[in-house]
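K.L.:
Below you will find the structure I want to go over with you.
Taken together, the values in this text are just the output of simple stated rules run on the coordinates, not laboratory data. These figures come from a predicted structure and were not determined experimentally. For neighbour counting, all protein chains shown are included, and Cβ atoms are generated from backbone atoms with ideal geometry for every residue, glycine included.
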Amino acid sequence: MAADRRIETITDRIRERSRATREAYLERIAAKGAEGPKRSRLNCGNLAHAFAACGPGDKAMLSGDVAPNLGIITAYNDMLSAHQPYETYPELIRQAAREVGATAQVASGVPAMCDGVTQGQGGMELSLFSRDVIAMAAAVGLSHDMYDAAVYLGICDKIVPGLAIAALTFGHLPAIFVPAGPMTSGLPNDEKSRIRQLYAEGKVGRDVLLEAESKSYHGPGTCTFYGTANSNQMLMEIMGLHTPGSSFVNPGTPLREALTREAAKRALSITALGNEYTPAGLVVDERAVVNGVVGLHATGGSTNHVMHLVAIAAAAGVQLTWADISELSDATPLLARVYPNGLADVNHFNAAGGMGFLIRELLSAGLLHDDVRTAWGTGLGAYTVEAHLAADGKTVERRPVPLESGDTKVLTTADAPFSANGGLRMLTGNMGKAVIKVSAVKPERRVVEAPARVFSDQDDLQAAFKAGELTGDFVAVVRFQGPRSNGMPELHKLTPSLGVLQDRGQKVALVTDGRMSGASGKVPAAIHVTPEAKEGGAIGRIRDGDMIRLDGETGELSVLVPQEEFAARPLAVEDLSRNEFGLGRELFGVFRRAVRPADEGASVF
């Protein structure tokens with residue numbers, strides 16, 4: 001248990017709230033686990049189909065009941081720099097499986113969108129929904145019921161949450177997530193941001209902007225800022241679904257390859273055929289979920305996870321709320337400063353001590369549950385290490401992390417935090433509920449009280465900026481951007497424009513029922529406003545000129561209009577037909593109609 005009473009109290013509350021759903025979930029996965037894979041009971045025609053393409057040795061093993069078979073779920077494609085290294089992983093995993101007398105098969109591929117490519121484009125309206133498509137696609141692959149364990153090859157924004165939902169839906173199977181690591185450091189993220197703002201002001205051309213972007217995103221691996229993709233990696237490690245120390249090792253290195261082979265062998269060692277059976281559904285419980293939230297706050301992680309963690313927890317029968325997340329933020333100190341929460345990138349974070357140092361510090365302060373099951377074994381203390389290549393050049397050895405941070409400007413100790421809290425909190429008021437991340441916002445900019453400028457499309461705001469119409473202090477209200485309106489796209493391209501105005505001395509803020517990128521944070525932004533405008537939310541009653549108070553310190557989001565007058569206003573109506581067609585959006589109408597609110601995970605399940 002966690003030593004900090006605040007952490008334990010919140011965990012107890014989640015446990016009690018989830019008792020019925022968690023017990024039902026555990027009963028289901030226990031019953032399925034007791035059955036074992038169906039391949040030993042398949043008729044000969046079914047089984048022959050399952051291994052028709054395998055070599056003679058694998059066919060012989062798959063014909064029996066003793067050798068474990070590892071399912072590979074891969075999100076490989078060439079579009080994502082983070083996922084391109086996965087091209088060679090299946091064969092590496094198959095070889096590792098054969099070395100321990102087992103087999104491995106790619107069970108399915110899943111779609112993997114690059115939010116960097118679709119940012120600000122129509123395709124971004126499929127992004128959030130792709131998470132649930134990924135979960136379903138993985139389920140199709142695992143439904144063949146041929147596997148004793150699974151490894152999941154995914155890194156980026158919606159991919160890991162989707163894979164985690166699938167892994168927990170098949171929670172009777174052991175699961176290990178296999179990262180590919182971040183790209184090496186390129187153009188510093190703050191310099192990239194500076195060029196973006198200059199471009200927004202018209203002071204540099206497209207050629208300068210493209211050169212800067214290309215120097216920043218320059219090779220295989222995850223983008224190096226601390227957005228949703230790298231927050232995913234932190235979560236999978238602190239929740240016990242990675243092997244220790246594997247999150248932030250660069251692709252194409254001998255250590256990265258050794259970690260991949262090790263992950264495959266570890267997954268095969270914890271099946272029901274051995275003595276260390278560790279199903280994913282027992283790894284992810286309310287304690288692991290709380291550990292994930294604490295890690296998110298301690299590192300200044302992505303706001304997208306206030307939805308993803310709710311959805312992931314629900315897949316394991318655990319009921320997590322925004323109030324839980326906000327209270328855990330108040331109890332968790334900020335220990336890492338990685339862009340946009342600082343100047344460093346994830347490579348600097350890893351060099352300073354990385355996940356092992358972070359977990360050790362949080363454990364020492366009593367802020368994490370150590371008494372958890374992990375894919376590596378019992379107890380989170382096993383993750384307070386660094387991974388190194390062993391002398392043989394092929395295997396991994398682990399050493400305790402140094403007592404001192406390698407760079408105290410990037411990673412600090414629990415007794416000398418950058419901030420007393422995580423800076424990610426819930427906002428409430430007569431507009432409903434919302435979320436704000438203030439860890440990257442300067443303290444003097446966290447409270448804004450100013451008149452509203454209302455938009456129903458991010459392009460309209462951009463046009464107003466270019467026309468010089470956004471003068472004085474104001475709160476930009478961008479509505480009809482929620483999951484039911486248009487799939488809740490990220491509005492990251494608004495950051496440079498609003499940042500320019502803020503730097504000019506204007507007090508500005510953003511209020512939206514849409515999302516912001518995990519890389520955003522300079523401008524105070526109340527995001528994920530719920531209920532959304534499409535569902536009759538109060539954000540649909542705001543008019544130009546209404547005074548809005550956004551207080552990131554006290555957690556207030558209010559329209560300063562007499563309540564009777566505000567409630568009597570008709571709700572805005574918007575023609576959303578432009579969002580219903582093109583780039584595949586017509587295929588996702590059922591998602592827009594079925595999706596749950598943002599505070600319930602924005603899931604269709």
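K.L.:
Spin-label point model (7 Å from Cα, Cβ direction): what's the residue 208 to residue 580 distance in nm?
P.N.:
4.4 nm
K.L.:
When you count, for each residue, the other Cβ atoms within 10 Å and take the mean per peptide, how do 287-293, 571-577, 503-509, 312-318 rank with the highest first?
P.N.:
287-293, 312-318, 503-509, 571-577
K.L.:
Could you state the orientation-averaged shadow area of the convex hull built on the Cα atoms of the chain, in nm² to one decimal?
P.N.:
Details: hull surface 106.2 nm².
Spelled out: convex hull of the Cα atoms, projected over all directions, averaged, 26.5 nm².
K.L.:
A further question on this structure: Put a dot 7 Å past each Cα toward the Cβ at residue 43 and residue 30; how far apart are the dots in nm?
P.N.:
In this crude label model, residue 30 to residue 43 measures out at 3.4 nm.
K.L.:
Taking only DSSP H segments of four or more residues, each worth -39500 (n - 2.57), what value at 222 nm results for the chain once the sum is divided by all its residues, to the nearest 500 deg cm²/dmol? It would help to have the intermediate numbers written out before the result.
P.N.:
Values: 23 runs with 229 residues, N = 605.
Mean residue ellipticity, 222 nm, calculated: -11000 deg cm²/dmol.
K.L.:
Can you put 155, 270 in order of Cβ neighbours within 10 angstrom, beginning with the fewest?
P.N.:
Values: 155 31, 270 25.
Placing the least packed residue first, the sequence is 270, 155.
K.L.:
Something else now. What are the ³J(HN,Hα) values, in whole Hz, obtained from phi via the Karplus relation 6.51 cos²θ - 1.76 cosθ + 1.60 with θ = phi - 60°, for each residue of the stretch 122-136 in sequence order, with x given for Gly and Pro?
P.N.:
Going residue by residue, I get x, x, 4, 6, 9, 4, 4, 5, 4, 4, 6, 4, 4, 4, 5 Hz, with x marking Gly and Pro.
K.L.:
Setting aside same-chain residues fewer than 8 positions from residue 409, which aspartates and glutamates have a Cα under 19 Å from its Cα?
P.N.:
By straight Cα distance, residue 409 reaches 190, 191, 345, 361.
K.L.:
For the Cα atoms of the chain, what angle does the longest principal axis make with the long axis of helix 254-269, in degrees from 0 to 90, nearest 10?
P.N.:
60 degrees
K.L.:
Another question, then. Just subtract the alpha-carbon distance of residue 215 and residue 569 from 0.36 nm times their residue separation and send over the number in nm, one decimal.
P.N.:
Full extension of this stretch gives 122.4 nm more.
K.L.:
At a Förster distance of 25 Å, what's the computed FRET efficiency of residue 407 paired with residue 79, Cβ-Cβ distance as r, to 0.05?
P.N.:
Step by step, r from the Cβ atoms, then E = 0.15.
K.L.:
Rounded to the nearest 0.05, what FRET efficiency do residue 100 and residue 553 give with R0 = 51 Å and r taken as the Cβ-Cβ distance? Could you check?
P.N.:
For R0 = 51 Å, the calculated efficiency reads 0.40.
K.L.:
Only bridges whose two residues both fall in the stretch 332-459 count here: according to DSSP, what percent of them are antiparallel, nearest 5?
P.N.:
95 percent
K.L.:
Assuming 0.36 nm per residue, please report the length gained on full extension of the stretch residue 12 to residue 464 beyond their Cα-Cα distance.
P.N.:
So the chain would gain 157.8 nm between residue 12 and residue 464.
K.L.:
I'd like to know how the stretch 424-600 sits against the 2.2 N^0.38 Å rule of thumb: what's its Cα Rg over that expected value?
P.N.:
Normalised by 2.2 N^0.38 Å, the Cα Rg of the stretch 424-600 equals 0.98.
K.L.:
Straight-line reach from residue 466: which lysines have a Cα under 23 Å away, not including same-chain ones fewer than 8 places off?
P.N.:
The reachable lysines, counting only those whose Cα sits under 23 Å from residue 466, are 192, 203, 493, 507, 522.
K.L.:
While we're looking at this one, here's another question. Any idea what log10 I(q)/I(0) is at q = 0.25 Å⁻¹ for the stretch 493-556, Debye with uniform C-alpha scatterers and no solvent?
P.N.:
-1.27
K.L.:
Here is a further query. Using Cα pairs under 8 angstrom and six or more residues apart, how large is the relative contact order of the chain, in percent?
P.N.:
15 percent
K.L.:
Distance in nm between label sites at residue 364 and residue 590, each 7 Å beyond Cα in the beta-carbon direction?
P.N.:
That separation, rounded to one decimal, is 5.3 nm.
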